[in-house]
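Report on the following structure.
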Amino acid sequence: MGGESIEEGELSTPLVTKEEHHQLYGSGTSSGDHACANTTGCDDGGESQSGSSSATGVFVLSTLVAVSGSYVFGTTVGYSSPAQSGIMDDLGLTVAEYSLFGSILTIGAMIGAIVSGQIAGYIGRRGTMGFSEIFCLAGWLAIAFSKGAWWLDLGRLLVGCGMGLLSYVVSTYIYIAEITPKNLRGGFTTVHQLMICYGVSLTYLIGAFVNWRTLALIGTIPCLVQLLGLFFIPESPRWLAKIGRKKECEAALQHLRGQNADITPKATKIREYTETLQRLSEARILNLFQWKYVHSLIVGVGLMVLQQFGGVNGIAFYASAIFVTARFLGSIGTIAMVIVQVSTVGTYIGCLLLGLSFFLQDLQTWTKTMPILALVGVLVYTGSFSLGMGGIPWVIMSEIFPINMKGLSGSLVTLVSWLGSWIVSFAFNFLMGWSSLGTFFTFSSICGSTILFVAKKKRNPPTTMELQHWWHWKHPLVFNEDEGSGRPCNGCFEPVFGPSYSCKECKGQYIHHKSCAELPLGLHHPSHPNHPLILFGINTYRHNEEEFDKFSKCDVCGEKSSEYSYCCYRCNFNIHIRCSSLSLTIQTEVHDHQLTRSIWKLMKFTCDFCVKGGNLPYCCVQCDFGIHSRCAACPRILKVYRHNHPLHLTPSFQVHQSDSPICLLCVRKVDTLYLYYCSRCNFAAHLYCAMLSWNWEHINLQELKEEQSTESKSEDLELHQFFDLEICKVKKTTVGEDGTEIATKIKHLSHEHDLKLTEEISNNTKCNGCVQSILSPFYSCTPCSFFLHKSCSKLPKIKRHPIHTHPLTLNYQKDSFFCVTCAQWCNGLKYNCQICEYNYNVQCILLSDTLTHACHEHRLYLSSTSIRQKCSSCSSEMYKVFRCATCDFVLDFKCATLPLTTWYNQHEHPFTLCYTPEDDSGEYYCDICEEERDPKQWFYYCAECSFPAHRDCVLGENPNVKQHI
C-alpha cells in the first residue's frame, strides 16, 4: 500500500549523501519534500537541476486534477465538526450514535488503505483516483439523503474507503511526483498537503453557514471535478513501464513534457528502474519483526500512536462541540480555526490550555476568560499539529527502514495510525461526557510524552550505521570504521582497509570502501557534458560476452575493468569510477616532474610509458611526456602474492630473455616498454597484472628482507609426509619392511570413528575426502562405509595457494558447497578462507601454479586475469585457468582435476580419460546415452570392452559430490 511511494523513491537516490564537485542527482531535497522528491530520484535523465524543464499546460492540468483528491481528503476530515449539532437534532442521534458516525470514517479508511497499493498496481494511478472518487460520491450522496443513522454510517464508511485509497499518498502524491520534472517536483508535491488543509478549512467555514445536508452535497463537487478531469490527463509513465506498455509510456512522457522535449533519457531511466524493481526480493511480514528493526519499529509505530492519541481527530471531528461545551459560539470558533492553520506553539500547550479552560469552568471562576482559553487552545493545537506531528512522523518513517522493508513498514504504521484515529474519534464524546477536564489533560500528558519520546530517541540513536545499497538490495550494508581484511571492494576491486560497508547477513560479503558505497547514482560529468551518466555494475552483463565487452571498456582510459562505471546509454559512453574523479595535477614515481591533464577534453594519444593508446593523457609540459592515469599510478617497487621477492619497475629491453618476456601472472607476452621484474628469479609481470587487487600484496616493502627464503609460499615441501596433529591423531602404528613407522589406526576430523589402514579395494568406491575413486593405501570405517585416502589424511590444516590471497583452512563438510575455482558443487574435505568465506575443493588446492598434463605437450602455468578465458577442452570461461606460454592452449580447473581413471556403476573395468578420438572412423557415439560425441571433446574409454562414453555420462552431473557421505 503506501510503502510504494517511499520504496520507489529510494531506488534512485543514495541513502548516504556527501558533497561532490560535480552536479549530482538526488541531492538537495529538503526534509519537507523528501518523501515525494525522492520518489523518482535521479531518473530524470536530461532534466537538469538548473531549472531547464518548464511546466507545460498538460502537466499543470494533471497536477490540479490530482490535488482535487487531496481537497476531497480535507473535506472528509472536516465534515463531522460543523455538521454535528444539525445531524444530532434532525435525526435524533445519541452521543454514542454520532460517535460511531464520526469514527466509522477511519474504519473505511483502514479498509481502503490496506488494498490501496494493490489497486494502484493493477489499475494504475489515474484509475485508483477515479475508483476512490466513486466511493466518495456514493458516500456523500448517502449522507445527504439519509433518513436515519444506518444510511449515515454507510455513507461515512464509503467516504472513508475512498479516503483510504488516497491515504499515504499512493495515488495522488505518487502521481504528482512521477509526472513532475525534477526541478519543479518539490514545489508541486507540497500542494498535496496544502489542499488537505484548504479542504478542512473551507469545510469548517462553509459549514458555519449551511446545513449538514447541503454541506454533504457540496462535498461531491471536488469529486466530480476530479472524475471529469481524469479523462483529460495522462497515466503515470512509470506505471505504464512497470506493466510493459512501453509505447504508451513514451507517449505519456511526451504529452507531459511537450512535443519538442527530449524524453529519451527519462524513458531510459524508467526502463532501468523497472528492471531493477523486478530483481528485488519480496519481503515478508515476519521479517519486519527481526531484532535489527526493533529501533525503527519503536520509532515508527511509537510516533503514530502518539500522533493519534494526542487527540487530533477528536478535536478535528468535534471542534464545534468543544466550543459549545466551553460556552463559546460554535460557528465563530470554527471560522477562527480557518484563520490559524500555521502556528509554532506545541500541541502540548494547546491541550493544556483546553484542559485549563474546563478546569476554570468547574471552579466557576474567570467565566469570561474560560471560552477564550478554549478557542486559543484549539487554534494553537490545530496549527502546531499541522506544522509538526501531522506530517513529520511520515517523513521520519520514510528514512528509518531499509528499502526492502518500506512497503511492509508503511502498511503497518498506516494501519496503526488509522486504528488510533478510530479509537480516539469513537471514544472522544464519551470521554467528554466523563470529564472534559480529564480528557484534555490526558491528551496534554500524551503530547508531553511525545516530547520526551523524541528527545530520548534523539539522544540514543542506533549504534549501527547502515546503508541500503543498490547493488545488494536484500540486506543493508553495515558500516565498519576500521576494516583490516584487505578483501577486494565490490566497487573498485581495490583492497579494503579502513572505513567500509559490508553485509553482515551474508557474512561480510558485498564489501565496499566507504567512498565507493556512497557514490551518487547519477552525475553530470564534464567528460560527457551533453547527457547525465548513470552508475551501474558491469557484472550485470557477466553472462553476455558481447555486452560485457561493450560496457566494461572505459572511454577515458581505454581499459576494460569490472569496477563500477558511469554510463550514458544514449551514447554508449562509459567511464570507470576511478576515471570519473581524476585529479587535475599529480606527482608520480615514474616521472620527475609534475603531470597535468587536460580539462576533461578527450584526445587520442600514445602513452610514452606503455606504448598503448588512450584518450585523456597526463602531460609534462617540460618534457613533452604523456602517460595514462593508470600508468602514472605505478609504483617503482611492489610485491605480488605469487612471488617471494619484490618486483622492480624495469624497462623491457633490460630483461635478459631470448624472446619477449612472459608475464607469469597472466601467462601472456609482455608488449609494453616497462614491466615489473625480479632479476634474481627472472620473474616478469605486466604493469596492470601486478597491480590487480588479487595479485598486489600491500605490505611494508622496507621490512621485506631481500634474503627472504626462496621456497614457494604456495606449496609445503613436506606435504603428505607427516600428519597434522590438529587434523589427524595416530592411534596405532606398526613398523614396515623398510623400518618406517606406519600408522594403522587414526582419528581424523572428517569422521567420528577411528579409521583403519586398508589395502582391499572394491569397484566404484570413492574417497570421502577428495571424492575421487579410492586408491590403495587408504583408511576406512567399514560399518559406516567411510573411506579416506592416506594422502588426504595428511593434508595440512593451514595452506597458502596462489589462487587466493589469504591462508586457507582445512574443513570437512557433508553438505554440498560450491568451489569458486572449478565452479562445481562438491562435498567432503575443503579448504576455506575464513575472511572471505570462499570454499575450495581440495583437488583444486592440490594443484600448484605450474602443471604438466598429459593433454598438452607444453607446461601450463596458472593464469589469473580480469577477463574470462575459454578452456580449450570444455569451452567454459573462467578467470583463473592454466595457460600455455608457448601457444594459446587453456585448461580450466574443472578439466585439470578430472580423474585419469574412474569407474562407472557396475562396469567391471575402469575407464581411462582420453583426449583424442579412439579411431579415424569419423563417427563417434557414447555407448551409455547412445548420443553422438564431439571428437574435439574429451571422453572416457574402456579399452578392454572398446566402450567409449561422454565424460558427463560416466561421472554424473556432480562428480565431486558423494551421496550418503
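Taking amide H atoms as placed 1.01 Å from N in the peptide plane, the amide H of E483 lies under 5 Å from those of G498, S500, each 5 or more residues away in sequence or on another chain. Mind giving me the FRET efficiency for L224 and A96? R0 is 35 Å, r the Cβ-Cβ distance, nearest 0.05 is fine. The calculated FRET efficiency here is 0.55. For Q772, the residues 5 or more places off, or on other chains, whose built amide H falls under 5 Å of its own are C767.
Relative protection proxy for 572-578, 883-889, from highest mean packing down: 572-578, 883-889 (other beta-carbon atoms within 10 angstrom). For GluC sites (Glu not before Pro), the sites in the range 734-785 that DSSP calls loop and that have at most 10 other Cβ atoms within 10 Å are E737, E752, E759, E760.
Rolling a 1.4 angstrom probe over the range 554-625 with all protein chains present gives an accessible area of which 49% lies on carbon and sulfur atoms.
Applying 1/(1 + (r/R0)^6) with R0 = 56 Å to the Cβ-Cβ distance of S581 and D927 gives a FRET efficiency near 0.35. Once both labels are positioned 7 Å from their Cα atoms along Cα-to-Cβ, the gap between R680 and S515 label points is 3.4 nm. Peptides 73-85, 580-592, 624-636 ordered by packing proxy, namely the average of other Cβ atoms within 10 Å per residue, highest first: 73-85, 624-636, 580-592.
Within the shell of other residues whose beta carbon sits under 13 angstrom from the beta carbon of K147, the net charge comes to -1, with Lys and Arg scored +1 and Asp and Glu -1. Summed over the residues of the range 214-265 and divided among them, the accessible surface reaches 51 Å² per residue at a probe radius of 1.4 Å. Taking 0.36 nm per residue of separation and subtracting the Cα-Cα distance, full extension of the segment from K507 to A854 would add 120.9 nm. Exceedance of the 32 Å cut-off in Cα-Cα distance is limited, within the set K560/K766; K639/K729; K601/K870; K560/K639, to K560/K766; K639/K729; K601/K870.
A cut-off under 14 angstrom between Cβ atoms defines the neighbours of C161, and their net charge, with Lys, Arg +1 and Asp, Glu -1, is -1. Using θ = phi - 60° in the Karplus curve 6.51 cos²θ - 1.76 cosθ + 1.60, the 3J(HN,Hα) couplings for the range 670-675 round to 8, 10, 10, 5, 10, 8 Hz; x is entered for Gly and Pro.
When each of the peptides 139-149, 907-917 is scored by the mean number of other C-beta atoms lying within 10 Å of its residues, the order from highest to lowest reads 139-149, 907-917.
Rounded to the nearest Hz, the phi-derived 3J(HN,Hα) couplings of the range 104-116 under the Karplus curve 6.51 cos²θ - 1.76 cosθ + 1.60 (θ = phi - 60°) are 5, 4, 6, 5, x, 5, 5, 4, x, 5, 5, 9, 5, where x marks glycine and proline. The residues of the range 764-875 expose on average 37 square angstrom of accessible surface per residue, using a 1.4 Å probe on protein heavy atoms.
The values are calculated or read from the model by the stated rules, or taken from the named source; none is laboratory data. Remember, predicted model here, so these are calculated numbers, not experimental data. Virtual Cβ from ideal backbone geometry, glycine too; neighbours counted across all protein chains shown. Surface accessibility is based on the protein's heavy atoms, side chains included, excluding ligands, DNA and RNA. Shrake-Rupley method; radii C 1.70, N 1.55, O 1.52, S 1.80 Å.
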